[in-house]
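Chemist: I'd like to ask you about the structure that follows.
The values are calculated or read from the model by the stated rules, or taken from the named source; none is laboratory data. None of these values were measured; they are calculated from a predicted model. Ideal geometry is used to build each Cβ from the backbone, glycine not excepted, and the neighbour counts take in all protein chains shown. Only protein heavy atoms, including side chains, enter the accessible area calculation; ligands, DNA and RNA are left aside. Shrake-Rupley method; radii C 1.70, N 1.55, O 1.52, S 1.80 Å.
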Amino acid sequence: MAMTDLLSAEDIKKAVGAFSAAESFNYKKFFEMVGLKKKSPEDVKKVFHILDKDQSGFIEEEELRFVLKGFTPEGRDLSDKETKALLAAGDKDGDGKIGADEFATMVAES
């Protein structure tokens with residue numbers, strides 16, 4: 001399944017472009033711009049599984065660095081600071097990774 005099966009290619013392009021500058025990533029604005037906030041919990045979990053590149057059931061810090069590339073190959077890598085902020089926002093149980101339920105909560109709260 002491709003990200004464009006769930007989200008509009010135009011929305012993805014606009015959202016990723018809005019955060020192309022270093023240190024500009026804001027996950028709350030990004031999830032809203034890309035249209036994820038309006039999706040059903042089932043679709044949000046499908047997006048999670050696309051971002052979970054190693055299919056471990058979690059998005060680890062290394063996968064978070066490439067979260068924008070998970071939406072489009074043109075996306076930039078997040079900085080260490082941005083990656084750690086995103087992990088802190090999503091990792092509710094403090095295990096150092098984001099599970100599907102944590103991801104869904106993070107999207108819903110954004």
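Chemist: Roughly how many nanometres apart are two label points built 7 Å out from the Cα toward the Cβ at Glu62 and Ala9?
Modeler: Those two pseudo-labels are separated by 3.1 nm.
Chemist: In addition: How do 34-44, 85-95 rank on mean C-beta neighbours within 10 Å, highest first?
Modeler: 34-44, 85-95
Chemist: With every protein chain present, what is the per residue accessible area of the chain (1.4 Å probe, Å²)?
Modeler: 53 Å²
Chemist: Also, I was wondering about something else. Using a Gaussian network model of the chain whose springs link C-alpha atoms within less than 10 Å, name the residue from Glu82, Glu60, Glu74 with the highest mean-square fluctuation.
Modeler: Answer for the Gaussian network model of the chain: Glu74.
Chemist: Of (i) 0.94; (ii) 1.01; (iii) 1.25, which one was derived for Cα Rg over 2.2 N^0.38 Å from the structure shown?
Modeler: Answer label, from the structure shown: (i).
Chemist: In whole percent, how big is the carbon plus sulfur part of the accessible area of segment 8-109, probe 1.4 Å, protein atoms only?
Modeler: The value for segment 8-109 is 53 percent carbon and sulfur by accessible area.
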